[in-house]
Amino acid sequence: MGRMLLHCCCGPCAMYPLDLLTSEGRDLDCFWYNPNIQPQFEFDRRHENLQKACDHYKIMLLSEGTECMQEYWLAKSYLDEYASRCEMCYDIRMEEVAKFCSENGYESFSTTLLVSPYQQHDKIAEISDKKAVKYGVKFDYIDFRPGFRQGQDMAREIGLYRQKYCGCIFSLEESKFRDKIYKSFEE
Ligand code: SF4
């Protein structure tokens, strides 16, 4: 099997996939591209915690983009083009992942979004398959969901920050932990 680029949305979600893939001896690097993580404080916090997860497994983390795209999400102009904001969110990220995969000699890509029972697997797979064809690489669909709880426990064990909302500003506003989360930005 050739080299894989594993898109990682955050440290906790990366734990189980990294555990599984490294135990299988897969040749892989991790990749951060998540402008949907908002606001900037949270973007930086999740990026730093992903680095800790990668250090734990001694896997290289490559990163694209250092800023969140909160203004773009708030403008909602994407709704002219996409059926929903989550569809747009997957599309923007998998476009960058597949492009980077192709331009840097990887054979395939996958994503730690597939560990979460809260994400839309069918939509992620459909979009990723299209991007793979567009850039002449493979999308490796792996259902990591059976390891979701185990991954969260592993994240707790190594002291990773575990967020309480998906990522964008809308999901933050909808979170039942909204006030607590805003408070954590000030600490
Ligand atoms: S809820 Fe999650 S997947 Fe949907 S747009 Fe927000 S960050 Fe992206």
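The values are calculated or read from the model by the stated rules, or taken from the named source; none is laboratory data. Quantities reported herein were computed from a predicted structural model and do not represent experimental measurements. In this analysis, Cβ positions are derived from the backbone assuming ideal geometry, glycine residues included, and neighbour counts consider all displayed protein chains. These accessible areas exclude ligands, DNA and RNA; they are computed on the full protein's heavy atoms, side chains included. Shrake-Rupley method; radii C 1.70, N 1.55, O 1.52, S 1.80 Å.
Please verify whether GLU71 is more than 13 Å from the ligand (Cβ to nearest atom) and either surrounded by 15 or more Cβ atoms within 10 Å (Cβ to Cβ) or assigned to a helix (DSSP H, G or I) (or both), treating the condition exactly as stated.
On the way: more than 13 Å from the ligand (Cβ to nearest atom): yes; either surrounded by 15 or more Cβ atoms within 10 Å (Cβ to Cβ) or assigned to a helix (DSSP H, G or I) (or both): yes.
Yes.
Residues are listed down the side, and each one gets a yes or a no for (1) within 16 Å of the ligand (Cβ to nearest atom); (2) at negative phi; (3) in a helix (DSSP H, G or I):
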{"position": "LEU18", "(1), (2), (3)": "no, yes, yes"}
{"position": "LEU21", "(1), (2), (3)": "no, yes, yes"}
{"position": "PHE31", "(1), (2), (3)": "no, yes, no"}
{"position": "ASN36", "(1), (2), (3)": "yes, yes, no"}
{"position": "ASN49", "(1), (2), (3)": "no, yes, yes"}
{"position": "ASP55", "(1), (2), (3)": "no, yes, yes"}
{"position": "ILE59", "(1), (2), (3)": "no, yes, no"}
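Where in segment 100-187 are there helices (runs of 4 or more DSSP H), lying wholly inside it, with at least 2 residues that are basic (Lys, Arg) and away from the ligand (no atom under 14 Å from the Cβ)? Let's see the steps before the verdict.
Numbers: elements: 121-135, 148-157, 169-174, 178-186.
Qualifying helices (runs of 4 or more DSSP H): 121-135, 148-157, 178-186.
Just to be sure, is GLU24 open to solvent by 40 Å² or more (accessible area, probe 1.4 Å) and at pLDDT 95 or above? Lay out the reasoning, then the answer.
Working: open to solvent by 40 Å² or more (accessible area, probe 1.4 Å): yes; at pLDDT 95 or above: yes.
In short, yes.
Using beta carbons and a limit of 9 Å, which pairs, at least six apart or on different chains, have the first residue in segment 116-142 and free of Cβ contacts under 8 Å to residues at least 60 places away in the same chain and the second one β-branched (Val, Ile, Thr) and more than 13 Å from the ligand (Cβ to nearest atom)?
So the pair list comes out as SER128/VAL97; LYS131/VAL97; LYS131/VAL137; PHE139/VAL133.
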